[in-house]
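First up is the structure itself, then whatever we jot down about it.
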Amino acid sequence: MMIMSIKHVLLAITMIFYVSGDAFSQISQLSAAPVECRDILPGDRLEFARLVDSLHPVWSAVSARDELQLLDYLTSSDVFVRDTAWRGLANMNVSNIEKLFDLALDDSLNTRWFTLSNQTINATQLRKLETLISTASIVDANGMYLVLGQKGDTQSHRFLVDAILSDRRPETGYALALAMSRSIIRHPNESYDGMQLVRRSMLATDAMEQSAWLYVWYRSTQIRPDAAALDLLAQWTDAHFDEAYGLLRQYMIAILGRSGHQGLYNKLLTVDPESLHPLEAVEIVRILPLFMANEGVQQLMWSMSVFDYARLELLQLIRNMPQKPSDGYRDILIQRLEEGTSHAYEWMLAVRALGVWWPDDAKKVMEEGHREWTDNPHYINDYIETLKVVYDRYWVIDHLNSLALGGDDAILVPVIQQSTAFAMQSPQDGELRALVAPILIRAAQSNSYRVSQALFASEGALEWTKDQNDEQLLRHIEYGRALSVQIPDLNVPDAELLKKLGPNPIWVLSTEAGDIVMRLDSYRAPATVSTFAKIVEQGWYNGTPFHRVVHNFVVQSGAIWHPDYTMKSPFRVPTEATEGEFSRGAVGVASAGRDTETSQFFMMHMWHPHLNGGYSNIGRVIEGEDVIDSLRQGTLVTGSQMHSCY
């Protein structure tokens, strides 16, 4: 961390006097960022303010999804206006694709290729791009490969295969590699040369290009390298495993391991666990089911258990074994539970593994279990899933009934959902119905719109809920029905707030595991950045858990349960997908489909380009990647601050 200059401090202090609108939008204190920002020249703040003013009409058209207006902006002489319009159109299904394509060929901005890669391109347009690639600039060729990989037809696939065989445009290696991998996934019945993919990966000097040539086999569990390609990859792995960089070594482990390659297994037996990254240990555990009959497998399993994520994967591996494991596994699970674990999620995974194979032992553990965890709303879904493994459904529903007495919205919603799921399994079971109905009636005492949505969903699933003579329950169901058809307008970026935040505000997220520092992008994601800044100012992220942790993929948080938030009307943030890569440390926004984003966000463990162009990419982690690797399901956000940064 750097000590901020007097100049930075004075400039930050002047920002305190800027206030805006209502309580939700007011940002009362924007301090100087706790990481290095470039020196602010006297005209910088004014220059950015002018940029925001010039772009605000474009942002408004983006939030309105106004295709005609945005197409008009593509003819502007202002490059920032055109760039923003291209990015806005990338997040829409453009109807006038002919005009869009023609404008793209006449423009010079890189963003146009990203926009075309998110549209449906016809065969004539694809052939045009294939013709232009040979004489295009490197940047444009890269963009055209992006379009062909994402939207190309089978003829485009053959064009890409030929481009590799003929070594056409070798300077576009990364773009061609990723386009080829994507095309193979989209056209799995089309032929390609697996040996060429491995050879090109071996020859590449750029680390990301090396991985891009192999990406298809990591991303898809259904597409495997042929025998010759697999043998060449194995030889390369054996010779260079120790010096291979992290992501490439993960790919080597996963691709060879999924194929049951004995040479890789023998190599892993000799690896010092201290030389591994935690994400590599996860890949090792995931391939172990293919080697369970091999000598030394248990020793390898337990050597990986020194890594938190790998240990959680091992617990799931034991639970999902195809046949009952030996009692040695039972003894290890019980020992782990008796010794205690510092985290609820690990405890629950261990109980579930025990419950599948040794249910009496699991019940005993549950009776003596950690009540501070089982009554915690942040772990309620995992707790219910654990109950379902250990007990029969009548016992579980009776317990859900007692949980509903607490009235905490964060507990009520999953209780409603789980109870409804049970009832749907046996809709004619009167005993089950008698247990579920009181849960729904108790839940109706809440004032949360999320409870209304959950109760409306239960009414749609369970016809008999509308026969319940309970005024509050019926009122909730009707409100939930209204919410289901009243889609909120998309948030428009807050121009005045963005002027205060600057182009690259710093978001410091404090967690139980440590601090994560992110640099956000106000220019490319203005609606998301200004919305998140308001949520941060209200303190609504504080106390939210990381409710989704998918090892070697993402950590996700931001599901807010603060009553001041859940009693407000729902809002939506427009999807602001950009041309940015979802690589390690990228910050994205959770989505259930285009323009469904609200408050939830995620951070990447590692590169996953299938997210590129489909999710809002709002910035990057600049400090605290090690913290991301240590987050577990249920880890809490303890504080959140947004700082101005230019």
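Key figures
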{"quantity": "Close pairs (9 angstrom Cβ cut-off, 6 or more residues apart or separate chains): over 16 Å from Gly585 (Cβ atoms) in segment 542-564, of a type in the set (Lys, Arg) and surrounded by fewer than 18 Cβ atoms within 10 Å (Cβ to Cβ) anywhere", "calculated": "Ala559/Arg548"}
{"quantity": "Number of positions in segment 444-459 that are open to solvent by less than 40 Å² (accessible area, probe 1.4 Å), more than 18 Å from Ala559 (Cβ to Cβ), without any contact (Cβ under 8 Å) to a residue 40 or more places away in the chain and part of a helix (DSSP H, G or I)", "calculated": "2"}
{"quantity": "Pair list, Cβ under 8 Å, 6 or more apart: segment 282-296 residue within 12 Å of Leu264 (Cα to Cα), other residue in a loop (DSSP other than H, G, I, E, B) and among the aliphatic types (A, V, I, L, M)", "calculated": "Ile284/Leu276"}
{"quantity": "Residue match in segment 361-371 (condition: surrounded by fewer than 22 Cβ atoms within 10 Å (Cβ to Cβ) and within 18 Å of Ser458 (Cα to Cα))", "calculated": "no"}
{"quantity": "Failed criterion for Trp561 (all others in (1) of a type in the set (Phe, Trp, Tyr); (2) in contact with a Phe, Trp or Tyr (Cβ under 8 Å, 6 or more places away or on another chain); (3) assigned to a loop (DSSP other than H, G, I, E, B) hold)", "calculated": "(2)"}
{"quantity": "Residue ID - farthest from Ala229 (Cα to Cα), chosen from residues in segment 165-194 that are assigned to a helix (DSSP H, G or I) and over 32 Å from the mean Cα position of the chain (by Cα)", "calculated": "Pro170"}
{"quantity": "Matching residues, segment 413-443, being open to solvent by 20 Å² or more (accessible area, probe 1.4 Å) and under 24 Å from Pro488 (Cβ atoms)", "calculated": "Gln417"}
{"quantity": "Some residue of segment 561-574 being surrounded by fewer than 19 Cβ atoms within 10 Å (Cβ to Cβ), in contact with a strand residue (DSSP E or B) (Cβ under 6 Å, 6 or more places away or on another chain) and over 20 Å from Trp507 (Cα atoms)", "calculated": "yes"}
{"quantity": "Subset of segment 161-183 (residues that are under 18 Å from Gly613 (Cβ atoms) and crowded, with 22+ Cβ neighbours inside 10 Å)", "calculated": "Ala175, Leu176, Ala177, Leu178, Ala179, Met180, Ser181, Arg182, Ser183"}
{"quantity": "Test result for Pro377, in contact (Cβ under 8 Å) with a residue 60 or more places away in the chain and surrounded by fewer than 21 Cβ atoms within 10 Å (Cβ to Cβ)", "calculated": "yes"}
{"quantity": "Selection from segment 323-353 of residues that are open to solvent by 70 Å² or more (accessible area, probe 1.4 Å) and in contact with a Leu (Cβ under 9 Å, 6 or more places away or on another chain)", "calculated": "Arg336"}
{"quantity": "Scope segment 71-118; condition acidic (Asp, Glu) and farther than 19 Å from Pro57 by Cβ; matching residues", "calculated": "Glu98, Asp102, Asp106, Asp107"}
{"quantity": "Leading residue by the ranking (modelled with the lowest pLDDT) among those in segment 458-496 that are of a type in the set (D, E, K, R) and within 16 Å of Val436 (Cβ to Cβ)", "calculated": "Lys466"}
{"quantity": "Meets criteria (more than 26 Å from Arg584 (Cα to Cα) and either open to solvent by 60 Å² or more (accessible area, probe 1.4 Å) or within 31 Å of the chain's Cα centre (by Cα) (or both)) for Asp272", "calculated": "no"}
{"quantity": "Answer residue from segment 114-159, given it is part of a helix (DSSP H, G or I) and touching a residue at least 40 places away in the same chain (Cβ under 8 Å) and is nearest to Ile185 (Cα to Cα) among those", "calculated": "Gln150"}
{"quantity": "Asp72 under 29 Å from the mean Cα position of the chain (by Cα) and part of a helix (DSSP H, G or I)", "calculated": "no"}
{"quantity": "Segment 324-359, subset of a type in the set (Ser, Thr, Tyr) and assigned to a helix (DSSP H, G or I), residue modelled with the highest pLDDT", "calculated": "Tyr329"}
{"quantity": "Residue list for segment 63-73, restricted to those being closer than 25 Å to Tyr615 by Cβ and open to solvent by 10 Å² or more (accessible area, probe 1.4 Å)", "calculated": "Ser63, Ala64, Arg65, Asp66, Glu67, Gln69, Tyr73"}
{"quantity": "Per-region count, segment 399-458, residues among the β-branched types (Val, Ile, Thr) and over 16 Å from Trp561 (Cα atoms)", "calculated": "4"}
{"quantity": "Unmet requirement for Val306, which otherwise passes all of (1) open to solvent by 60 Å² or more (accessible area, probe 1.4 Å); (2) under 27 Å from the mean Cα position of the chain (by Cα); (3) of a type in the set (A, V, I, L, M, F, W, C); (4) closer than 23 Å to Trp217 by Cα", "calculated": "(4)"}
{"quantity": "Qualifying residue in segment 239-246 (condition: open to solvent by 40 Å² or more (accessible area, probe 1.4 Å) and of a type in the set (Phe, Trp, Tyr))", "calculated": "yes"}
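Condition check ((1) open to solvent by 30 Å² or more (accessible area, probe 1.4 Å); (2) touching a His at 6+ places or on another chain (Cβ under 9 Å); (3) within 19 Å of Thr237 (Cβ to Cβ)) across all residues:
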position	(1), (2), (3)
Arg186	yes, yes, no
Asp193	yes, no, no
Gln196	yes, no, yes
Ala212	no, no, yes
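The values are calculated or read from the model by the stated rules, or taken from the named source; none is laboratory data. All figures in this text were calculated on a predicted structure; none of them were measured in a lab. Glycine also receives a Cβ, built like all others from the backbone with ideal geometry; neighbour counts cover every protein chain displayed. Only protein heavy atoms, including side chains, enter the accessible area calculation; ligands, DNA and RNA are left aside. Shrake-Rupley method; radii C 1.70, N 1.55, O 1.52, S 1.80 Å.
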